[in-house]
Amino acid sequence: SQPAACTMEGEGEGGMDREARILARRQRIEELLGAKAGDAEDKSRRKNTEAEKEESRSIVQINESKSRIDKIQTNGNAEVTKVRIMGDSRENERRINEEVNRQGRRQKLLYEAESSARQNATVAMKWSALFDKEIPQELLAEITTQRDTCERIIASKDRLIKEFKAELKAKDDEYVKSLKKEAEDIDLLLERMGKHFSSLRTSFEDELEEIETAFMQERHETMQAFEQELTSLMDKRREKEEHYMEARRRRVEEDQRQLEAQRVQDGEDYNILKIKLETEIQTLEQQLEEMRATYQLNQEKLDYNYRVLVERDSENTNTIKQQKKKLTRMADVLSTLKAKYAREERRYKTENKDLTEDYKRITEQFKDLQSKFQHFEVADTKRYRDVWQMNEEIVTDLMRKVLQADKIIHEQQLGLNWYPPSEHIFQPAGEGGPPGQSTSAAAADDEGEGGQFASGQLDNENIKRMLELLCNEAGFLVEGKIQKLLDPLPPDEQNLLKIDSILKVLGVEGAADVEKLLSYFLADADTHELIHPNDAIKAIKAFVEEHQAERHRGGETMKTAKLSAKEAGQEGTRREEREFWERMSSIVSDKTYRVWNALEKAQGKYHTLLNTRATLIGEVGDLQLQNDELKALLNQYLSSRINEDLHVPPTQVIRLNNYESLR
């Protein structure tokens, strides 16, 4: 009852203290708000005063100094820039005059070139006329005229050269004068820059002294103002401390009064709580007597149950004896079954061993047969490809010759434009070789997938650690014969052969199976941490179960896929061969065949005509021979002396006839 009374008393005191703390907090908030309002007014007054002071002395002096220095800099820059402006103006005038002179020289050159070209053309034309002159005096006069003309041309060019040389000499003189003028300008510029620098330096020193004087006066005034402000602030702080002490005294008196009232209230609450707890104690004593009576009744019930359990224990003992006799009989039966199991196991092991040897032998024979088949298949395919490529080259050459003949027929015989077919028609089927080569390579790769993986391809740190764990924890998977053969070998070779044997037993045949086995041995895929060696057997068991299930499901699918891939490769090869022969047969179209037939008929007729013309040419040659013989005979008759004795000789008649024919 006493702790409860203390608790009630503490709760009453806590309630009164909470109200007092609330009132005190409100008073403090009001005081802080009043102090902040006074501080804000003081700060605003100080800011106004500072703004007035800042704008008074130092800033005005700085602005005046800046303006004076800027004015001095502007005047100095103007003096210095004036020299550059005068030089630029002179250079601008010189360039304008130079451009005018250049245009004049260009016009002179063009005029000289045109006049010289005309005079040269005139001289060249007269040279051809000199060859027609046959009288020496005329030829001499013309040559003299040509020489005078050439001298005038040379004189005009010499005058132009003298003018250009004089202008060049004037340019040299002008260049020397320009150099002197530029040297004078530079000296003037350096003199003005030195004067400007001296005046600017003097101005900076004077203005700096004035600014420093202004800052010192302003500093003195600011320190006096801060001292006055500090004095007023100290007075305010002293007044606030006195006010705070008075408020604290009032709060202490109020807290003492509330504490006395709380003590009186807690005493009354304590008396009430004490009476209440005494009443509860009497009630609890009555309940205790009732519980004792209940416990006595329960004890009697437990004694009765104990006697019942003793009787059941005796019955259970008899039952155990009977079960032991039965267990003895079952042990005899078990030993008989174990012996039978051992005999059957030895028999099955022997049979399994024989079947294993047969399986290995048949497997070796199958692999040998498969390797021979692949060898002959590759050889036959290579021989077929060689023959195919040879025939393809022959056909391609023939087609190119046909196209060359077609080009000659179109361009030379028919006079038409010939458009060659696309070059991809002559490209071999497939990429990188004859038709079917890529398909055969793909089939060979499919056949070689089942081979044992190479240890160099799996050079990975995690796989190495997994294989070491397998070698250490799964050594029981290595056969006894292999274990005996491994004893004389070095440890490294023993580990390699053990790992190979273990992987064969587990059915691991490729890199994908090794990666899958590694996933069972990884405890954390992110950190690549392996499992504990004690869990290695569980991981191997899980891998074997999953691997066998996948092989059972995917065995038939793989066989069907390989057969379909092989059939697809053969079908693709036949299709590519058909496409090749179709391309070769479509190089010359039916329209071209018809043109060739028509051209053949026309050429036959033309050949007949040429033969006829050849016969006629022979006949014309015979007639020409006869004509020559007749001409010789006629000349002989005409030149005979007997014609001089005739009044009208044949030669006179022939001349008259020729004259009439000419008229």
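For the stretch 614-636, state whether one or more residues are more than 20 Å from residue 402 (Cβ to Cβ), touching a Ser or Thr at 6+ places or on another chain (Cβ under 7 Å) and at pLDDT below 85. No - not one qualifying residue is present in the stretch 614-636. Does the stretch 478-501 contain at least one residue that is among the polar types (S, T, N, Q), within 36 Å of the chain's Cα centre (by Cα) and more than 24 Å from residue 551 (Cβ to Cβ)? No, because not a single residue in the stretch 478-501 is among the polar types (S, T, N, Q), within 36 Å of the chain's Cα centre (by Cα) and more than 24 Å from residue 551 (Cβ to Cβ).
Inspect the stretch 99-116 for any residue being within 30 Å of residue 88 (Cα to Cα), at pLDDT 80 or above and either surrounded by 13 or more Cβ atoms within 10 Å (Cβ to Cβ) or in contact with a strand residue (DSSP E or B) (Cβ under 7 Å, 6 or more places away or on another chain) (or both) and give the result as yes or no. Within the stretch 99-116 (the criterion being within 30 Å of residue 88 (Cα to Cα), at pLDDT 80 or above and either surrounded by 13 or more Cβ atoms within 10 Å (Cβ to Cβ) or in contact with a strand residue (DSSP E or B) (Cβ under 7 Å, 6 or more places away or on another chain) (or both)), the answer is yes, since at least one residue qualifies. Before we move on, is residue 148 in a helix (DSSP H, G or I), on the phi < 0 side of the Ramachandran plot and exposed (fewer than 12 other Cβ atoms within 10 Å of the Cβ)? Yes. In the set 388, 418, only one residue is under 50 Å from the mean Cα position of the chain (by Cα), surrounded by 11 or more Cβ atoms within 10 Å (Cβ to Cβ) and not in a helix (DSSP H, G or I); that residue is 418. Just one of the listed residues (360, 274) is surrounded by 11 or more Cβ atoms within 10 Å (Cβ to Cβ) and more than 30 Å from residue 24 (Cα to Cα), namely 274. Within the stretch 506-524, being hydrophobic (A, V, I, L, M, F, W, C) and either surrounded by fewer than 15 Cβ atoms within 10 Å (Cβ to Cβ) or over 26 Å from residue 549 (Cβ atoms) (or both) holds for 511, 512, 523. Identify the residue in the stretch 35-87 that is surrounded by 14 or more Cβ atoms within 10 Å (Cβ to Cβ) and not in a helix (DSSP H, G or I) and, among all such residues, is modelled with the highest pLDDT. Ranking the qualifying residues of the stretch 35-87, first place goes to 57. When the stretch 338-369 is filtered for residues that are of a type in the set (Phe, Trp, Tyr) and within 18 Å of residue 504 (Cβ to Cβ), the ones remaining, listed by number, are 359, 366. Taking every residue in the stretch 519-544 that is under 16 Å from residue 463 (Cβ atoms) and pairing it with any residue that is hydroxyl-bearing (Ser, Thr, Tyr), at least 6 positions away or on another chain, the pairs with Cβ-Cβ distances below 8 Å are 525/519; 539/520; 540/520; 543/520.
When residue 162 is tested against the conditions (1) assigned to a helix (DSSP H, G or I); (2) at pLDDT below 85, the lone failure is (2). Residue count for the stretch 244-265 under the criterion of being closer than 14 Å to residue 28 by Cα and touching a residue at least 40 places away in the same chain (Cβ under 8 Å): the result is 3. Could you please let me know if residue 260 is over 30 Å from residue 19 (Cβ atoms) and either assigned to a helix (DSSP H, G or I) or of a type in the set (Asp, Glu) (or both)? No: the conditions fail for residue 260. The single condition among (1) farther than 22 Å from residue 577 by Cα; (2) among the aliphatic types (A, V, I, L, M); (3) without any contact (Cβ under 8 Å) to a residue 60 or more places away in the chain; (4) assigned to a helix (DSSP H, G or I) that residue 379 does not satisfy is (1). Evaluate the stretch 190-197: report whether one residue or more is over 30 Å from residue 63 (Cβ atoms) and either loosely packed, with under 14 Cβ neighbours inside 10 Å or modelled with pLDDT under 85 (or both). Yes; the residues of the stretch 190-197 include at least one that is over 30 Å from residue 63 (Cβ atoms) and either loosely packed, with under 14 Cβ neighbours inside 10 Å or modelled with pLDDT under 85 (or both). Reported count of residues in the stretch 494-518, each being within 12 Å of residue 462 (Cα to Cα) and polar (S, T, N, Q), is 0.
Pairs meeting the criteria (first residue in the stretch 105-124 and within 17 Å of residue 147 (Cα to Cα), second residue part of a helix (DSSP H, G or I) and charged (D, E, K, R), beta carbons under 8 Å, at least 6 apart or on different chains) are 116/157; 119/152.
The values are calculated or read from the model by the stated rules, or taken from the named source; none is laboratory data. Please read these numbers as outputs of a predicted model, since none were measured by experiment. No Cβ is skipped: glycine too gets one built from the backbone with ideal geometry, and neighbour counts run over all protein chains shown.
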